[in-house]
1. Quick one: length gained pulling residue 334 to residue 190 fully straight, 0.36 nm per residue minus the C-alpha distance?
2. By count of other Cβ within 10 Å, fewest leading, how are 248, 273 ordered?
3. What angle do you read, to the nearest 10 degrees and between 0 and 90, between the alpha-carbon axis of helix 114-124 and the longest principal axis of the chain?
4. Counting helices only, and only those DSSP H runs with n ≥ 4, report the 222 nm mean residue ellipticity of the chain as the sum of -39,500 (n - 2.57) divided by its residues, in deg cm²/dmol to the nearest 500.
5. Can you run the Rg to Rh ratio on the stretch 214-352? Use alpha carbon positions and the Kirkwood inverse-distance Rh.
6. Suppose a student asked you for the relative contact order of the chain, using Cα pairs under 8 Å spaced at least 6 residues apart; what percent would you report?
7. Counting only DSSP beta bridges with both residues in the chain, tell me the antiparallel percent, nearest 5.
8. Compute a Gaussian network model of the chain, connecting alpha carbons closer than 10 Å, and tell me which residue from 299, 270, 223 fluctuates the most.
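What follows draws every value from the coordinates through simple rules; no lab data is involved. Just so it is clear, the model here is predicted, and its values are computed rather than measured. Cβ: placed from backbone, ideal geometry, glycine included. Neighbour counts: every protein chain shown.
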Ligand SMILES: Cc1cc2nc3c(=O)[nH]c(=O)nc-3n(C[C@H](O)[C@H](O)[C@H](O)COP(=O)(O)O)c2cc1C
């Protein structure tokens, strides 16, 4: 499928996709702003309860008549581990004491909410559904297709792209190693799946995968967009670039840290959630460094650190929240999402 064919399938004007950002970054307002500007807005529902997911989809529909994407985590949950939780409870406990919070308690090992969330997606029928951290079953794919929902999967290696193409996705987000927040890796170790975007695009091209590829990771300006489209991407997907927008829900302290970044100080860490993710280096990451064996699995670690992150976010303590960011962070700028879409389109030589 050509770039134009993907735009037609998505029913959008411009090859610019907002990254779904589950948690604090994404909002229905940000999704609608990007869709209304002619790109594809997105909302990450991975942490949402089924009712909240349905409410967010309805809210986006109130704010835009254009297509949008709903995203979920299709895997990544550990069921059993056998890690002694006491060392991590002690580390987080120290921070709780500093913040004046009661001592942390161990959250249960959550089961994946994916099946229940997907029921909501099938019911509400957003125009586009995307997933990361794994893949739906063949039966789930068939149910999505039956409702004529466009399906996009996330790959961090050529092999993952091949698996997704075989499963029948309509497009693949190629998530380069530069990308902000969680790695979507699902078919090999995280260490072996840190492929920079340009190489990942090449790997997918040489694997001869006949599915349009959406480039993602470190894309911040019009030149990056033009380069990716020139490299054969059918479209691009940006997260970090949209985080400082007024429509984004990132806490002000997160936005300030992105805008203040003069160089790339991002690192890959499991400290906040139990799953490798890229963010600006800070004190909590340093507190856990060298103690990785104490980190609980996704998403028990995420649930354990949530009270700390929420309290720190509200109080403006950048050192104790997950400052998710991609490697292009030093080129962050604050402007309304529609203006950013316009700026990103500036240097596309031949507009598809
Ligand atoms: C704050 C934040 C949250 C994210 N949450 C999700 C998510 O829920 N689902 C998903 O598929 N990707 C998520 N991503 C990853 C993006 O889809 C994309 O790979 C990444 O933003 C690209 O790199 P960039 O941030 O440098 O643009 C998130 C990224 C950020 C920055």
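1. Extending this stretch completely gives an extra 48.7 nm.
2. Going from sparsest to densest Cβ surroundings: 248, 273.
3. The angle comes out at about 40 degrees.
4. Rounded to the nearest 500, it is -11500 deg cm²/dmol.
5. 1.02
6. On the way: 742 pairs, mean separation 69.8, N = 352.
Relative contact order, the chain: 20 percent.
7. Details: 7 of 35 bridges.
Just about 20 percent of them are antiparallel.
8. The residue with the greatest mean-square fluctuation here is 223.
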